[in-house]
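Submitted below is the structure of interest, expressed as structure tokens.
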């Protein structure tokens, strides 16, 4: 994941916001996030749920 996308995620941006800002599809943002983000206590607890929703196309 690029440094910019990581900073956006750390700032609380959701996957749609990251995808839009980076010029990525939501699917690509989800895949990149899954591959490169190690879940830690610094990240929101809802990140895993947001990833699942993005993958299935459901809304919040």
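The values are calculated or read from the model by the stated rules, or taken from the named source; none is laboratory data. This structure is a prediction, so every number in the text was calculated from the model and none was measured. Counting neighbours? That spans all protein chains shown, and the Cβs are built from the backbone with ideal geometry, glycine included.
Where residues in the stretch 35-60 are surrounded by fewer than 14 Cβ atoms within 10 Å (Cβ to Cβ) and not in a loop (DSSP other than H, G, I, E, B), which of them is modelled with the highest pLDDT?
Residue satisfying both the conditions and the ranking: 56.
A further question follows. Can you find, within the stretch 21-34, the residue that is surrounded by the most Cβ atoms within 10 Å (Cβ to Cβ) among those that are over 13 Å from residue 54 (Cβ atoms) and touching a helix residue (DSSP H, G or I) at 6+ places or on another chain (Cβ under 9 Å)?
22
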